[in-house]
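Some notes on the structure that comes next.
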Amino acid sequence: METSIWTKFFLVIEDFLNKVTTSKYNVLYYHGALPQFIMYVLFISGLLLFAYYVPTIDNAYFSKNLVNAFTSVDYITNSIPFGAVVRAIHRYAGDAMVIAILIHMVRVWFTDRYRQYRWVQWESGIVLLLMVMFIGQTGYYLIWDERSLLLTRMTVSALEGIPFLGEGIRDWFLNGRAIRNLTLSNFLFIHIGLSFSLLFALWVHYVRMTRPVITPPPAVNYFLLMAILIVVYLFPITETKMASLNSQPMGMDIDMFFLWPYSILGATGVGGFWFSMLIITAVLCLIPWLLVKNKPIEAAEVVNTKCTGCSLCFKDCPYQAIEMVPAPAGSRFKLLATVKSYRCSSCGVCVGSCAFDAIDLPNLLDSDVTEQIKELAKANNAS
């Protein structure tokens, strides 16, 4: 099977990173675990911010000084020890999570690990991406500065454009028919509730994987934290202006990771926005069926005369595609391996795990794999 130019490109990058960091610390081998580690950073920093956050628009009767969402964020930033650092970590860790998810998607795409039995991982990954995007956007609402007000009003206009359901969704979003104190309480509930719902979505994402890699090595985690702290130091969060319901902000800074949909909304209007979002989502969801090979994947095959029932292939299969069944009468062994073709992705892991040449891929025999490994080993030794 011919290797695509993109696959070759990523193999070159992978080889380069192996030489720089060694295979043990190559981030491409933990591309699925990186977003989950960043999620823990977001949880911890978010809980620290939550301890001092006041989700109201106006609570002047509470004190001689105005106490609301904006002033509580300002208090966190300027009065709490390391409050500005924690807030910036939360802000830039969100961007880092989007970057890590995109790296994960690209890696899965170009290593051809999204089709057949793995479509559940791809589709649940799209849902996770959409959840992360919306969680990040609600985080910007909670600051309640002029950008928050503009984002809220733009979101309301987009929701009102949904046929039949628009007004109901708008009222749920605002926790009423207009912006009020309970609106920010609702934003906070959405932000935190969706964040913890990620754990259930991750369970769905992992449900068909026998050994998901969910934790990078500590050294990779430390490096990632250091990178976030460097960004925090180089780009500290700047002061903004508190939102006023009597004003209409005319512009805002766009976070390219979370707020790019609002650029589409501003440029195309409500109709163009929803059309664009539907097209983007549909294309992402249909990738496992749109980008198919000319030849369908053929399942691995067990050579019953060689199988000893050792169950190594069963243990190593990442997609639960191999099952151990009772051997027929007269066999020397109690169990034999059998392949569930509808789950097999033809990844070849079982071929490498079998020590008895008892399992093959139809288009790539075990003997061919052995010869390729020998050639690669010779090439590495020669270099």
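What follows is calculated from the coordinates using simple rules that are stated; it is not laboratory data. These numbers come from a predicted model, not from an experiment. With ideal geometry, Cβ positions are generated from the backbone for all residues, glycine too; neighbour counts draw on all protein chains shown.
Miscellaneous remarks
- Crossing angle, helix 218-234 versus the chain [Cα axis fit, 0-90 degrees, rounded to tens]: 30
- Degrees between helix 181-206 axis and first principal axis of the chain (Cα, 0 to 90, nearest 10): 0
- L130 versus S341: modelled label distance in nm, points set 7 Å from Cα along the beta carbon direction: 3.4
- Residue-averaged 222 nm ellipticity for the chain, from DSSP H runs of 4+ at -39500 (n - 2.57), nearest 500: -19500 deg cm²/dmol
- Between I279 and S247, the modelled labels are 3.6 nm apart [label points 7 Å from Cα along Cα→Cβ].
- ³J(HN,Hα) computed for each position of region 155-166 - Karplus, 6.51 cos²θ - 1.76 cosθ + 1.60, integer Hz, glycine/proline x: 5, 4, 5, 5, 5, 5, x, 6, x, 6, 9, x
- Positive-end residue, the chain charge dipole about Cα centroid, Cβ charges, pick of G139, N68, A358: A358
- Residues whose amide H lies under 5 Å from that of S346, counting only those 5 or more places away or on a different chain, are A300; hydrogens are built 1.01 Å from N in the peptide plane.
- If the segment from R211 to I254 were pulled out straight at 0.36 nm per residue, it would be longer than the present Cα-Cα gap by 11.6 nm.
- Integer Hz, Karplus 6.51/-1.76/1.60 couplings in order for region 17-33, x for Gly and Pro: 5, 4, 6, 7, 10, 6, 4, 5, 10, 5, 5, 5, 7, 10, 5, x, 7
- Backbone N within region 1-43 under 19 Å of label point (7 Å from L290 Cα along the Cβ vector): 6-7
- Applying a 4.7 Å Cβ-Cβ cutoff to the chain, the cysteines left without a disulfide-compatible partner are C285, C307, C310, C317, C344, C347, C354.
- The local environment of L336, defined by Cβ-Cβ distances under 11 Å, has a net charge of +2 under the rule Lys, Arg +1 and Asp, Glu -1.
- Nearest-0.05 FRET efficiency for V204 and F82, computed from C-beta distance (R0 35 Å): 0.45
- Which labelled figure in (1) 1.03; (2) 1.00; (3) 1.07 is Rg/Rh (Cα atoms, Kirkwood Rh), once derived from the coordinates: (3)
- Rounded to 10°, Cα long-axis angle of helix 366-382 versus longest principal axis of the chain: 70
- Distances between placed amide hydrogens fall under 5 Å for L335 paired with A327, all partners being 5 or more residues away or on another chain.
- Each Lys and Arg Cβ is given +1 and each Asp and Glu Cβ -1; about its Cα centre, the chain then shows a dipole of about 540 debye.
- Here the scattering of region 1-158 is modelled by Debye summation over its C-alpha atoms, one equal scatterer each and no solvent; at q = 0.12 Å⁻¹ the log10 of I(q)/I(0) is -0.70.
- Stretch gain in nm, segment K306-M226, where the contour uses 0.36 nm per residue and the Cα spacing is subtracted: 23.6 nm
- Surrounding net charge for Y262, when Lys and Arg each add one and Asp and Glu each subtract one, Cβ distance under 13 Å: 0
- For region 143-154, the Karplus equation 6.51 cos²θ - 1.76 cosθ + 1.60, evaluated at θ = phi - 60°, returns couplings of 5, 6, 9, 4, 5, 4, 5, 5, 4, 4, 5, 5 Hz by residue, with Gly and Pro reported as x.
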